[in-house]
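Take a look at the structure below.
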Amino acid sequence: MNKQDIFKIIDDSCEVSKKTAFKIFDHPEWDGNEVYASDLLTSILTDMNFEVERGIADLPTAFRATKKFGEGGPNIGFIGEYDALRDFKHACGHHMQTPAIISAVDALIPYITENNINCTLTVYGTPAEETFGGKIIMMEKGCFKELDIALASHATQDTASISGPSYGLFTFKVEVIGKSSHAASYPHIGRSALDTLILAFNGIEFMREHTKDNVRMHYSIDEGTGPTNAVHPKAKATICVRSRESSALPDLEKRLRNILKGACLMCETKIKIKKNPVYLCQMPNEVLRQLSYDNFELLDIEKINREVIPAGGSTDFGNVSTVVPSILVKLPFCTAPTHSKEWIKAGKTDAAVKCMQDSAKTLAGIAFDLLSNPSLVDEAKKSFIEQSKYN
């Protein structure tokens, strides 16, 4: 078997991948509650004779599926997502990821068996990328460290590329407690939780002037507005801060906490802060990057961007890239920006199927290269060690 034979198997299984992805699309789930998607995917992997562990890392919808061939050899990991955006369906294309991975590993199995290759294929199902970062919790509980290589894919606009350095990110869930009163009759008695947030947001705007260009800050009020003639006794907000440098996040967090503390002092209110897991910046790997471009070319993809372009957002795959040589390939899907209504509308189109097929072929092609030439695994590890010095 050669690589084209593997690509043909992926083409022949197109209907199966399509049905699986479309079922996930029609049942959007998020925030660790991806029960339908997780059950569907693990059932398929079980039927493929993978050893499936459900509910790993104390996350009910996370899973690990492994298939071992012979003794020793590299452990090639495939990392898949299946969560939707909260209340906004599959506007980021995650419904395509794990079906593409399953198609890729299914096509690799005959090649591995025919050539008696010693290796392990591992499929990780990872929930809640869009909310609390399931991979972060999984990594903290020991997942991914057994892998020699981690491969993942994501839909993008009209140009195939490799995900560049992503933003590191931390998020605060904030609850401010004040004191209610009539805003006209007894304003001197009340202590406004809403005013506290407004002051804090202004503080963030002033802080914005004194940060590096690669820092981004966002906030929203989750709860706290009400009648204008009442002092608001409670308000909730979400605040997130990003940086291209993971090392900068602790200082940014310290400054943000001081702003929140100062706002509370001015309003004589109290505050509760819950910090979500920290998303780290994604580390590049030059060896895996080159293999990705080689496979893009084999697929005759019309547009390929070879520049190292920093990712526009944050991903918990960045955390995975700090413990194992990793690559996130991006395949054309929809020309509109991600997290848009256009992406939802395109979720069950021919473009979605093509993106999924190209994703499966690219990942299978990279794995084929690594398994047929094990020295590439060693080179990827050397690149990982070298890059770790700068992150």
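Pairs are defined by a Cβ separation below 6 Å, a sequence spacing of at least 6 or placement on different chains, a first member in region 125-149 that is farther than 24 Å from THR46 by Cβ, and a second member that is acidic (Asp, Glu) and crowded, with 24+ Cβ neighbours inside 10 Å; the pairs so defined are GLU130/ASP83; GLY133/ASP316; ILE136/ASP316. The set of residues in region 180-229 being more than 39 Å from the chain's Cα centre (by Cα) and touching a residue at least 60 places away in the same chain (Cβ under 8 Å) consists of ARG191 alone.
Checked against (1) in contact with an Asp or Glu (Cβ under 9 Å, 6 or more places away or on another chain); (2) assigned to a helix (DSSP H, G or I); (3) of a type outside the set (Val, Ile, Thr), HIS154 passes all but condition (2).
Just the residues that are among the hydroxyl-bearing types (Ser, Thr, Tyr) and in contact (Cβ under 8 Å) with a residue 12 or more places away in the chain, please, taken from region 307-358. Lay out the reasoning, then the answer.
Going residue by residue through region 307-358, those that are among the hydroxyl-bearing types (Ser, Thr, Tyr) are 314-315, 321-322, 326, 335, 338, 340, 349.
Passing the criteria: SER314, THR315, SER321, THR322, SER326, THR335, THR338, SER340.
Quick grid of which residues meet (1) closer than 20 Å to THR122 by Cα; (2) hydrophobic (A, V, I, L, M, F, W, C); (3) exposed (fewer than 14 other Cβ atoms within 10 Å of the Cβ):
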| residue | (1), (2), (3) |
| --- | --- |
| ASN319 | yes, no, no |
| CYS334 | no, yes, no |
| LYS348 | no, no, no |
| ALA360 | yes, yes, no |
| LEU363 | yes, yes, no |
| ILE366 | yes, yes, no |
| ASP369 | yes, no, no |
| GLU379 | no, no, no |
| GLN387 | no, no, no |
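Of the residues examined, VAL353 is one that is surrounded by fewer than 22 Cβ atoms within 10 Å (Cβ to Cβ), within 26 Å of ASP31 (Cα to Cα) and among the hydrophobic types (A, V, I, L, M, F, W, C).
Looking at LYS179, LYS141, just one residue is of a type outside the set (Ser, Thr, Tyr) and either on the phi > 0 side of the Ramachandran plot or out of contact with any helix residue (DSSP H, G or I) (no Cβ under 6 Å at 6 or more places or on another chain) (or both), and that residue is LYS179. Taking strands (runs of 3 or more DSSP E) as the structural unit, no element lying wholly within region 36-113 holds at least 1 residues that are of a type in the set (Ser, Thr, Tyr) and free of Cβ contacts under 8 Å to residues at least 12 places away in the same chain.
Which of the residues that make up region 230-246 are touching a residue at least 60 places away in the same chain (Cβ under 8 Å), small (Gly, Ala, Ser) and either more than 19 Å from PHE132 (Cα to Cα) or out of contact with any strand residue (DSSP E or B) (no Cβ under 6 Å at 6 or more places or on another chain) (or both)? Let's see the steps before the verdict.
Going through region 230-246, the residues touching a residue at least 60 places away in the same chain (Cβ under 8 Å) turn out to be 235-246.
In the following step, the residues that additionally are small (Gly, Ala, Ser) were identified as 235, 237, 243, 246.
Residue satisfying the conditions is ALA235 alone.
Note on region 220-237: residues that are within 17 Å of LEU260 (Cβ to Cβ) and surrounded by fewer than 18 Cβ atoms within 10 Å (Cβ to Cβ) amount to 6.
Every number in this text was worked out from the coordinates using simple rules, so none of it is lab data. Since we're looking at a predicted model, the values are computed, not measured. When we count neighbours, we look across all protein chains shown, and the Cβ atoms used for this are built from the backbone with ideal geometry, even at glycine.
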